[in-house]
Amino acid sequence: MTAGEAPAPRPLAGRRVALGVSGSISAYKAVELARRLEDAGAIVDVALTPSAARFIPALTFRSLVHGEVAEDLWDAAAPAEQHVAMGRRAEAMIVAPASATTLAKLAQGIGDNTVTLTALASAAPLIVAPAMDHVMYNQAAVQANLDALKARGVLVAGPAAGRLASGARGLGRLLEPAELAGAVRSAIGRAVGPMRGRHVIVTAGGTREPIDPVRFVGNRSSGKMGFALAEAARDRGAVVTLVTTQAPPAGLFGVVVRRVETAVEMQAEIAKSSPGADALIMAAAVADYRPAEAAEEKLKKSAEGEARMLELVENPDVVAGVEGSLLKVGFAAETSDLIANAQAKIAKKSLVFIAANDVSQEDAGFAVETNRIVLLDAAGGVERLPLLHKYDAAAAIYERLVGEPGWRAV
Ligand code: C5P
């Protein structure tokens, strides 16, 4: 079976999202956002302010989304009270880009176009993604409007710093579509997700144990399984701390990222985050050994043909050492005797269950998008999951986790 045979994940399947677009040169990114949300399974309704429609015609959105597109408030051909229906059925609304004027109207409760009226008609979580010139963004009036919105529970996504349409550099760039889609998923998770209010620590990537300033002992872990686990927990409403050796991809909006290199650093970072945490999902490939000493200077080549010895000392078992009431899920990457080898680690590391995978298979394990996991528990239970995208494998792990007797139900 090839990796392509696992269906693409649809984290927003069955969700209805309202996308409000206001006037900004960055409105073109809203087209990509609409496509991403629909690819993730959502049905997207779009509302455009009159200025937004000058940048991107409604036709572009009409050709792309499966929901409705509301533009002119006085359009006799549009369904009556279309904005009310769109606001009411939305499970989240995102205004992206949100101009200074639209932010002011949202802060004041003004409803004079299809975007502001849809927002007024909606009880769903609201996300605003500001985009404007940096001087405009820093205006006291704009900041006061953003503060007022935040105080009411509105999620403010961005802006990012960088090159602006005016040619200047500063704070005011619209976040990228992947980040904005992440913000929508995060907002829905926090409103209705099965893990809302819980704190989950996820580890990702292979540790790098230094030999000297330029070399390390490492492994082939790409971090992808851990990133998918962080994303899936975020989508279910959890507060997520991702302790990772690898740089996470864009789109992990809302996830607190802590970069580390070595097993010992990972252990220290987990110790900082674990008080009060509900679960630790240990997807990182932690090196069992590290060089006894890391040389301060780059090691020179030894004399011709001479063998070089590298002394290794044992690393702490990170997951085994974490104490407290949090539930621990381990991973076992094996190349032989998958079940027996993985099963032995459950009790040794006090795990609630372990996700085992045979990394010698081409479509599972390191650096690929898919995984073929077997979930093993202390009672001898064996649940074989089919070939799944890592995101869907993560979803299956959480489905199992929230059913564990020790999990604090929402
Ligand atoms: O390497 P091993 O197969 O024993 O890993 C099983 C689980 O233990 C994984 O979840 C891994 O992250 C964790 N582990 C750890 N500290 C180590 C080695 C592994 O926490 N030193």
Relative contact order for the chain: what percent, with Cα pairs under 8 Å and sequence separation of 6 or more?
12
Show which aspartates and glutamates lie in cross-link reach of LYS328 when reach means a straight Cα distance below 15 angstrom and same-chain residues fewer than eight apart are skipped.
ASP278, ASP317, ASP377, GLU399, GLU404
Name the most mobile residue of HIS389, HIS199, HIS66, meaning the one with the largest mean-square fluctuation, in a Gaussian network model of the chain with Cα contacts below 10 Å.
HIS66
Report the accessible area of MET136, computed with a 1.4 Å probe over the heavy atoms of all protein chains in place, in Å² rounded to the nearest 10.
100
Please arrange ASP278, ASP133 by accessible surface area, largest first, computed with a 1.4 Å probe and ligands excluded.
ASP133, ASP278
Got a number for the accessible area of TYR137? Probe 1.4 Å, square angstrom, nearest 10.
30
Springs between alpha-carbon pairs under 10 angstrom, Gaussian network model over the chain: which of GLU91, GLU296, GLU399 fluctuates most?
GLU296
Cβ-based charge dipole, the chain, positive-most Cα from GLY226, PHE55, ALA238:
PHE55
If the cut-off is a Cα-Cα distance under 24 Å, which lysines reach LYS29, setting aside same-chain residues fewer than 8 apart in sequence?
LYS105, LYS150
Among ALA161, ALA394, ALA131, the residue with the largest mean-square fluctuation in a Gaussian network model of the chain built from Cα contacts under 10 Å is ALA161
Percent antiparallel among DSSP beta bridges with both residues in the chain, to the nearest 5?
30
Send over a whole-number figure in Å² for the accessible area per residue of the chain, probe 1.4 Å.
46
By its C-alpha gyration tensor, with a ≥ b ≥ c as the square roots of the eigenvalues, how is the chain shaped: rounded for a/c under 1.5, else prolate for a/b larger than b/c, else oblate?
prolate
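The values are calculated or read from the model by the stated rules, or taken from the named source; none is laboratory data. Just so it is clear, the structure is predicted and the values come from calculations on it, not from any experiment. When we count neighbours, we look across all protein chains shown, and the Cβ atoms used for this are built from the backbone with ideal geometry, even at glycine. The protein model used for the area step is the full one, side chains on, heavy atoms only, and it has no ligands, DNA or RNA in it. Shrake-Rupley method; radii C 1.70, N 1.55, O 1.52, S 1.80 Å.
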